Amino acid sequence: MSKVAKARYAAAAVPGFTHRTAMEEAARCLLCHDAPCSAACPAGTDPGRFIRSIRFRNPKGAAETVRENNVIGGSCAWVCPYDNFCEEACSRCGIDRPIEIGRLQRYVVEQEQVQKMKILKPPAKKKGVKVACVGAGPASLACAAELAKAGYAVTIFEAEEKAGGVLTYGITPARLPQGVVDQDVAAIRGLGVRFALHTRVGADISLDALREQGFAAFFLGAGLWKAQLPDIEGTDLAGVYAASGFLKTARESRGRTGLAGKRAVVVGGGDVAMDCATTAKLTGAAHVAVYYRRTLEEAPANMREIQYALSLGISIVTNFAPVRCVGADGKLQYVEFKGRDGNSSAQVAADAAVFAIGQAPQDMRQLADLSLTEKGTVKTRSGGKTNLPDVFAAGDVANGGKTVVEAVAEGKKAAAAICKRLDALHEGRGK
Amino acid sequence: MALRKDLSIDYLGVKCENPFFLSSSPVGGNYDMVAKSYEAGWAGVFFKTVGIFVADECSPRFDNNGKEGLPWVGFKNMEQISDKPTELNFEYMARLKRDYPDKVLVSTIMGSDEDEWKQLAKMSEQAGADLIEGNFSCPQMTSHAMGSDVGSSPDLVKRYCEAVTSVTKLPFIAKMTPNITNMNIPARAAVQGGAKGISAINTIKSITHIDPEHMTAMPVVDGKSSISGYSGAAIRPIALRFAAQLAQDEELKGVELSGIGGIETWRDALEFLLLGCRNLQVTTAIMQYGYRIVEDLISGLSHFMDERGYGRVEELLGRALPNIIPAEELNRDFRILPAFDYRKCVGCGRCYVSCFDGAHQAIDWDEKKRRPVLNDNCVGCHLCLNVCPVQACVTPGELRFKEGRQQGPVTMKTQYE
Ligand SMILES: Cc1cc2nc3c(=O)[nH]c(=O)nc-3n(C[C@H](O)[C@H](O)[C@H](O)COP(=O)(O)OP(=O)(O)OC[C@H]3O[C@@H](n4cnc5c(N)ncnc54)[C@H](O)[C@@H]3O)c2cc1C
Ligand SMILES: Cc1cc2nc3c(=O)[nH]c(=O)nc-3n(C[C@H](O)[C@H](O)[C@H](O)COP(=O)(O)O)c2cc1C
Ligand code: SF4
Ligand code: SF4
Ligand code: SF4
């Protein structure tokens with residue numbers, strides 16, 4: 001009999017390290033010369049360096065390395081797909097298994113809090129130039145932090161009540177506790193970055209109005225927040241959800257999804273689908289099944305997330321695509337699927353169906369006259385440059401949906417491009 | 001931004017940006033090495049010992065001693081002094097001083113008679129050295145007129161110190177050997193001979209392993225081996241003991257101490273500072289990990305000082321000395337019973353095994369719950385606390401005074417890492 005894990009919605013899925021166990025793990029690190037783990041981190045968090053600090057009993061120095069290189073290093077420690085980045089590159093793989101870099105990073109960021117460290121401070125030299133970042137997700141947070149370090153007066157405009165983007169409104173808290181996100185956001189506030197929450201740019205305030213207020217450049221890190229439902233019959237039934245809304249409601253209500261004892265079907269094969277399934281399960285659903293139209297091999301979800309879903313007793317059915325949702329009295333009763341082989345079919349009874357079938361951006365033209373791709377994402381060149389000279393974009397809204405750490409990396413690059421442009425303008429004015 | 005405190009400290013009248021120096025050994029053996037170490041953040045170097053004698057080395061010449069999967073707890077070497085021509089070494093030093101005037105250059109020398117000591121001292125001064133160190137302590141010289149054989153003879157130490165200080169005004173440091181019962185005797189002799197500083201320790205005579213395949217010690221050199229110097233983390237406790245004894249010696253008051261032996265982390269460094277060493281030297285940790293370890297020495301010490309409100313390294317010096325007292329003066333009126341945190345205990349039973357087989361049979365093993373239960377036999381030795389693998393699971397608990405003893409306030413350590 002397989003052992004299915006029982007857990008609460010917001011209980012951490014993986015335990016952390018103590019001083020001793022962190023040191024034991026750090027002692028396994030080979031302290032490589034040109035650490036491949038560091039080279040493999042898109043955001044430049046430099047794990048080789050912070051692990052060395054742990055090894056030499058300097059956890060505070062380790063915390064500085066993480067926070068200075070990756071301002072949301074706390075969240076990354078929890079959700080990065082390390083097996084595609086630092087841990088995959090780890091030299092120790094040649095001996096046995098990689099160093100648990102993500103977990104060590106988590107320990108380091110925990111130490112930052114335990115030791116009450118305040119690592120990032122506003123720079124002494126201010127430029128007196130204002131920059132606006134749209135969205136408070138990983139891309140914007142990283143961009144804002146770099147700009148603030150360079151002396152710009154940065155304001156982040158966020159449509160929602162809380163900062164964090166997907167970190168706060170998407171990923172299940174078992175994989176990423178809100179406290180970790182809040183700690184990261186506090187570090188950014190510590191740099192003097194201002195947050196205008198509950199303010200949707202393009203609706204509550206226009207870009208032009210901000211230009212008039214003296215904002216000299218704009219960074220768009222708006223993510224992919226359009227509610228996506230498939231073009232099939234019955235998606236208007238009660239009990240049918242788009243993934244983004246489902247996850248957001250779960251987080252906002254602290255796990256009150258109303259699914260206790262019920263049956264849920266999740267459609268999709270990415271990390272988002274896994275998060276929807278684990279959220280459904282952790283918030284009390286009696287039976288949760290994921291249906292994916294292709295094979296597991298083709299599924300974009302990280303294997304760790306798939307395994308986590310399986311460990312909770314969630315079943316994953318592959319090669320079945322949804323055909324329609326059927327209900328009575330306006331309420332969902334079952335979802336009908338068709339097999340990829342053309343013969344098989346299934347009618348799956350469900351109180352809830354969550355569609356996690358890819359994400360798309362909201363209409364970005366509402367913000368500005370931007371050049372967009374067919375998918376609606378913002379067309380960008382190096383450094384997140386768009387067709388508008390004072391507007392830059394990065395993260396999911398530009399790359400179509402990748403990872404947190406890549407959003408950080410792109411946000412940092414965009415910040416460098418913004419600095420370059422503003423410095424050039426400034427010099428021009430000086431002449 | 002990363003915290004960096006001003007760690008500067010004067011050593012024998014020379015301003016050092018921090019107390020961290022390379023000790024005399026291959027880690028400071030030529031221009032490029034020392035230059036790289038300076039760039040990494042080391043404040044100065046005790047250059048690899050230069051003699052008129054040029055060493056002819058064996059191969060291989062190193063071994064290491066480990067425990068339970070951790071290598072390099074201790075390190076054995078069979079090297080002597082520099083194997084490079086005398087003039088070349090001084091040329092390196094002159095270039096280093098010219099290119100890095102703010103870094104501190106100490107020329108470490110070793111002669112086999114008074115003339116050689118004088119000659120080397122003069123060459124050091126000409127090369128621009130800030131200080132001179134006399135190596136009275138290499139335990140594996142091929143000549144008995146040099147090294148630890150000299151260092152364990154107070155007369156020779158004094159005579160050679162006099163030779164050096166008669167020809168140079170540069171402050172002279174005598175480097176002591178730990179292969180002696182009482183280091184204070186040669187140290188006092190050195191000071192009588194004009195030395196202003198004492199550095200300790202050099203390596204400890206050792207055999208790390210016997211190779212059953214070749215029936216000799218490690219490393220195997222053409223089927224044979226020799227007793228030679230042991231260094232690294234394993235020798236730090238011994239080095240600290242010598243440091244404390246030197247620092248507490250009234251006759252050595254005012255003599256500036258440089259601590260050496262097993263320093264790897266800022267915590268190790270701090271221990272030497274708290275025993276009054278105002279200069280710190282490192283070799284083995286650099287051989288194992290590279291010059292980069294200085295980054296965490298600087299950062300870690302900065303954080304410690306910041307956290308505890310110390311403004312300058314100077315304020316740390318010798319803080320622990322008043323509390324290191326003879327065994328007969330310790331308060332023996334009480335015992336502290338261990339407290340077991342059953343929420344943390346994983347039920348390995350190691351405390352039980354150790355207490356029964358190595359202490360006082362004071363732990364009963366609850367076989368059902370698989371947990372330790374303390375009985376009345378406990379003497380408060382804390383073997384259990386030392387052996388428990390779980391952090392903060394066994395901690396100092398109840399304080400009990402021995403029957404009929406004076407009760408009073410007792411300072412207790414409660415936090416263990
Ligand atoms: C459920 C789920 C799970 C995921 N799991 C992982 C994972 O485990 N590991 C991983 O690395 N990646 C994961 N990802 C992907 C990752 O979260 C994203 O790549 C990343 O969050 C992108 O960051 P971003 O800043 O571009 O956008 P977002 O995080 O989406 O942030 C955009 C923010 O902009 C705000 N906004 C949008 N429009 C406006 C406007 N007009 N005005 C003001 N504010 C606006 C939004 O409210 C939001 O807060 C997951 C994604 C999802 C959806
Ligand atoms: C390979 C090796 C060579 C050494 N050579 C010298 C030397 O030439 N002169 C000297 O004074 N000490 C020499 N030492 C001793 C070191 O300077 C130092 O005193 C000793 O190793 C203890 O410090 P550690 O534990 O940091 O290595 C040598 C040590 C090693 C390991
Ligand atoms: S690659 Fe692995 S072994 Fe090497 S420094 Fe990084 S974590 Fe350590
Ligand atoms: S460490 Fe360098 S010099 Fe020594 S044996 Fe190996 S390759 Fe040769
Ligand atoms: S050694 Fe520690 S963990 Fe093991 S049984 Fe004893 S108290 Fe418990």
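The values are calculated or read from the model by the stated rules, or taken from the named source; none is laboratory data. Worth saying up front: this structure is predicted, and the values here are computed from it rather than measured. Neighbour counts are summed over all protein chains in view; Cβ atoms, including those assigned to glycine, are modelled from backbone coordinates with ideal geometry. The area values use the complete protein model at the heavy-atom level, side chains included, leaving out ligands, DNA and RNA. Shrake-Rupley method; radii C 1.70, N 1.55, O 1.52, S 1.80 Å.
Here are a few things to note about the model shown:
- Shielding by partners for peptide A:58-64, expressed as the average number of C-beta atoms from other protein chains within 10 Å of each residue's C-beta, is 6.
- When chain A is treated as a Gaussian network with alpha carbon springs shorter than 10 Å, the biggest mean-square fluctuation among A:Gln333, A:Gln228, A:Gln115 belongs to A:Gln115.
- Shape call, region A:15-114: gyration tensor on alpha carbons, a/c limit 1.5: rounded
- Interface area, A with B, accessible, probe 1.4 Å, both sides summed, Å² nearest 100: 2100
- In terms of packing, defined here as the mean over residues of other Cβ atoms within 10 angstrom, the peptides A:210-216, A:353-359, B:144-150 line up highest first as A:353-359, B:144-150, A:210-216.
- Annotation note: trypsin sites (Lys or Arg not before Pro) in region B:133-169 located in DSSP loop regions with a Cβ neighbour count of at most 16 within 10 Å are B:Lys169.
- Residue by residue along B:284-295, Cβ atoms of other protein chains within 10 Å of the local Cβ number 2 on average.
- The residues A:Thr21, A:Thr257, sorted by heavy-atom accessible surface at 1.4 Å with ligands and nucleic acids left out, run A:Thr21, A:Thr257 from largest to smallest.
- Among A:Ala62, A:Ala209, A:Ala409: highest mean-square fluctuation, GNM of chain A, C-alpha pairs under 10 Å: A:Ala209
- In this entry, region A:302-431 is assigned a mean projected area of 12.4 nm², taken as a quarter of its C-alpha convex hull surface.
- Burial order of peptide ranges B:309-322, B:230-243 (average beta-carbon count within 10 Å, highest first): B:230-243, B:309-322
- Mean residue ellipticity at 222 nm, helices only, chain B: -8500 deg cm²/dmol; runs of at least 4 DSSP H residues each add -39,500 (n - 2.57), and the sum is divided by the number of residues.
- Radius of gyration over Kirkwood radius for region B:9-323, both on Cα atoms: the Rg/Rh ratio is 0.94.
- A:Val114 accessible area, assembled protein chains, probe 1.4 Å, Å²: 100
- Whole-number accessible area per residue in Å² for the protein assembly as shown, which is evaluated in the context of all protein chains at 1.4 Å: 45
- Distance from region A:360-431 to region A:251-311 (C-alpha centre basis), Å: 32
- For the listed peptides B:261-271, A:270-280, A:303-313, A:183-193, a ranking on the average number of other beta carbons within 10 Å per residue, highest first, reads A:270-280, B:261-271, A:183-193, A:303-313.
- Separation of the B:Ile227 and B:Phe401 label points, Cα + 7 Å toward Cβ, nm: 5.0
- Average other protein chain Cβ within 10 Å of Cβ, residues B:297-310: 3
- For chain A, the carbon plus sulfur part of the accessible surface works out to 50%, probe radius 1.4 Å.
- Rounded FRET efficiency, nearest 0.05, which uses the C-beta distance separating A:Ala260 from A:Val326 and R0 of 22 Å: 0.40
- Accessible carbon and sulfur surface of region B:332-401 relative to its total accessible area, %, 1.4 Å: 48
- Where labels lie 7 Å past Cα in the beta-carbon direction, separation of A:Thr249 and A:Gln333 in nm: 2.1
- Accessible surface of region B:9-323, 1.4 Å probe: 49 percent of it comes from carbon and sulfur atoms.
- The slack between B:Ala2 and B:Thr411, meaning 0.36 nm per residue of separation minus the straight C-alpha distance, is 143.7 nm.
- Of A:Pro361, A:Pro300, A:Pro122, the one that fluctuates the most in a GNM where chain A has Cα springs shorter than 10 Å: A:Pro300
- The simple Förster model, with R0 at 56 Å and r as the Cβ-Cβ distance, assigns B:Val73 and A:Ser345 a FRET efficiency of 0.25.
- Note on chain B: antiparallel DSSP beta bridges, both residues inside, total approximately 50 percent of the bridges counted.
- Whether region A:240-355 is rounded, prolate or oblate, judged on the alpha carbon gyration tensor where a/c under 1.5 counts as rounded: oblate
- Inter-label distance for A:Lys375 and B:Val390, nm, one decimal - labels placed 7 Å from Cα along Cα-to-Cβ: 4.8
- If R0 is taken as 25 Å, the Cβ-Cβ distance between B:Arg312 and B:Lys253 corresponds to a FRET efficiency of 0.75.
- B:Thr181 - accessible surface, heavy atoms, 1.4 Å probe, Å² rounded to 10: 120
- Percent of Cα pairs exceeding the 20 Å cut-off, where the set is region B:295-417: 59
- Shape of chain A, Cα gyration tensor, a/c cut at 1.5: oblate
- Using Cβ point charges alone (K and R +1, D and E -1), the dipole size of region A:51-143 about the Cα centre works out to roughly 720 debye.
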